[in-house]
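**Q** Have a look at the structure that comes next, please.
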Amino acid sequence: MRKSSGKFKLFTIVFSLIAIVLVGCTSGDSDDDTDGGKETNESSVSGGVLNIGLSSNAATLDPTLYTGVYESQIMRSIADTLIVYDQDLQSFVPSLATEWEAADDMMSYTFKLRDDVYFQPGEYQDGRQMTAEDVKFSLERSAENSAQNRLTGVESVEVTGELEVEVHLEEPNSALLAMLTDQGNIIIPEEEVEGWGDQFGAHLVGTGPFILENWQTDQQVELVRNENYWGEEPNLDGVTYKFISDQSMMTNALRSGDIDIATDIKGQNREVIEQDDQLELLSTPGLSITYLDMNFQQGPTADPKVREAIFKATNIEEIVQGVHQWGGGAVANGPLPRDSWGYDESFESLKPEYNPEEAKEILDQTEYAGGFEIDLYVLDTRTNYATIFQNQMKENLNIDVNIQVSEWGTLTDTVSSNNAPMNIGGWSWYPDPYFFLNPRFHSNQHGSNGNGKGYQNETVDALLDRALTETVDQAERTEIYKEAVEEIMADYATIEFDNLDIATGIDQKVKGFNLSPDGSINVVSPNGVNISIEE
């Protein structure tokens, strides 16, 4: 079955896997004070520059190298994917592809492409038309080189017409369409990639609504309107993304008018924004989780007894209450957020109870009896988690935790290379359990930010593979993922702290903003978003 840019159908297989379950995930979010949707009104005018605050620096805009949501927020304004999610993450919407069809055996997908798409002018091409060859180049480059394996399972891409491609899979992949919405799979011109070489990530060229104009390292990235954009004309003249790692500074920048949208709002800043009548706090339960990973391959935590002791000496409730005293998060029960369709209430019973006495007894059975010293890598925005955890480890196990505050690029390099003894991270993606479990726990993800801890369990690998390739039935996949979570939690490789709300502060002059449960910010998108600024 096929869907097109006009009146389209969602083919049953994929919709049953991913889309329909999102209705339950996002139900209750339709009230004006929670869904973040704001209609553009007649007083909005075209023009102006939208300033967006991001809570960490962008290291690269190369789709095969990027590792964080901070970078993807910028990339989605510059370049396009074949398809996108709708605003509620309930179904897929055409973007560069107008139609797509799955083969009966699920081993290939055929995509028909728009005939009116042009790349932005760059150093090595002058704004030529996008063709099927560009899709082949971009997707195969991602499949072969992605640092986060964002297009895993793709064997090859075949050009079957000037505006048609066929994606061939190594085996059936129930998550392919969701993967194709990821910014790691944007379509880019080969000339620019080869011409810039290692510097392409600082000179991204795509087909999106805005063009990369200027990048001031560690400060901001400036984009200007693409006058030759194939989609709906942007309401804005440009977008500037400003890097503001300090949450209080982010909030102050919003209140002073230096930025129009503040992302990743947490703690007391939620209350500050709510009390300002010129601002609005948009908050909704998100597909997001905060965790502490322990190195599975080396150092003290390579010993499963040490990991178990640390877990049982961690008072998760105290950490969550301390971090979220102003709201915005709930205690997590395992590696899947509650709004994932793979989540099961039984996961709560799998968590070991907080028991520092037992934890000390377990640690005393190891060569690390009496405590030890260990480094914990963390972004500045998550030091509140780290500080409470640090105090608990010292008090309960005499473990001296050295907090290493790092910027995003350094943190991801350290983690992905298996050089972080412990690290605190955050994960936000799509509702399908694949996107939370495979990147963080499958052994084929060693060397990535998700599984930089080096977690490895053959049983888990086999279960995750089965859930992806053996069945298209959601209920069956849910049961397989449940087994995988049970195995993962028994290994004590990670401590999940909380499920986060997605919270964003906006100036009331911003119109047309949509708060997505996955935290993504679309300025202009084929899914109907087109932000403007009211004078």
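**Q** Go over the candidates 522, 514 one by one and state the one that is within 30 Å of residue 74 (Cβ to Cβ), in contact with a Lys or Arg (Cβ under 7 Å, 6 or more places away or on another chain) and outside the structural domain of residue 305 (by TED's automatic domain parsing). Lay out the reasoning, then the answer.
**A** Numbers: 514 fails: in contact with a Lys or Arg (Cβ under 7 Å, 6 or more places away or on another chain).
Answer to the check: 522.
**Q** Suppose we filter region 394-404 for residues that are within 15 Å of residue 364 (Cβ to Cβ) and either touching a Lys or Arg at 6+ places or on another chain (Cβ under 6 Å) or crowded, with 17+ Cβ neighbours inside 10 Å (or both); how many remain?
**A** Matching residues across region 394-404 total 3.
**Q** Moving on. Would you pick out the residues in region 121-154 that are of a type in the set (A, V, I, L, M, F, W, C), outside any loop (DSSP other than H, G, I, E, B) and within 30 Å of residue 437 (Cα to Cα)?
**A** 135, 137, 139, 143, 154
**Q** Still on this structure, please answer the following. I need the helices (runs of 4 or more DSSP H) fully contained in region 370-487, keeping only those with at least 1 residues that are modelled with pLDDT under 95 and not polar (S, T, N, Q).
**A** The qualifying helices (runs of 4 or more DSSP H) are 408-416, 434-441, 458-469.
**Q** Would you pick out the residues in region 309-335 that are crowded, with 20+ Cβ neighbours inside 10 Å and part of a helix (DSSP H, G or I)?
**A** 309, 310, 311, 312, 316, 319, 320, 323 - these are the residues of region 309-335 that are crowded, with 20+ Cβ neighbours inside 10 Å and part of a helix (DSSP H, G or I).
**Q** Now for a separate question. Being crowded, with 19+ Cβ neighbours inside 10 Å and assigned by TED's automatic domain parsing to the domain that holds residue 239 narrows it down to one residue among 254, 363, 292; which is it?
**A** Going through 254, 363, 292 in turn, just one is crowded, with 19+ Cβ neighbours inside 10 Å and assigned by TED's automatic domain parsing to the domain that holds residue 239: 254.
**Q** Ok, one more. Please determine, by comparing only the residues of region 336-358 that are crowded, with 17+ Cβ neighbours inside 10 Å and small (Gly, Ala, Ser), which one is nearest to the chain's Cα centre (by Cα).
**A** By that ranking, first place goes to 340.
**Q** I need the full set of residues from region 163-190 which are outside any loop (DSSP other than H, G, I, E, B) and crowded, with 18+ Cβ neighbours inside 10 Å, in order please.
**A** 165, 166, 167, 169, 176, 177, 178, 179, 180, 183, 184, 185
**Q** From (1) touching a Ser or Thr at 6+ places or on another chain (Cβ under 6 Å); (2) within 30 Å of residue 281 (Cβ to Cβ); (3) at pLDDT 95 or above, pick out the condition that doesn't hold for residue 500.
**A** It fails just one condition, (3).
**Q** Also: With respect to residue 156, determine if the residue is crowded, with 18+ Cβ neighbours inside 10 Å and either under 27 Å from the mean Cα position of the chain (by Cα) or in the same structural domain as residue 465 (by TED's automatic domain parsing) (or both).
**A** Against the criterion (crowded, with 18+ Cβ neighbours inside 10 Å and either under 27 Å from the mean Cα position of the chain (by Cα) or in the same structural domain as residue 465 (by TED's automatic domain parsing) (or both)), residue 156 does not qualify.
The values are calculated or read from the model by the stated rules, or taken from the named source; none is laboratory data. Not measured: the values here are computed from a predicted model. Note that each Cβ is placed from the backbone with ideal geometry, even for glycine, and that neighbours are counted across all protein chains shown.
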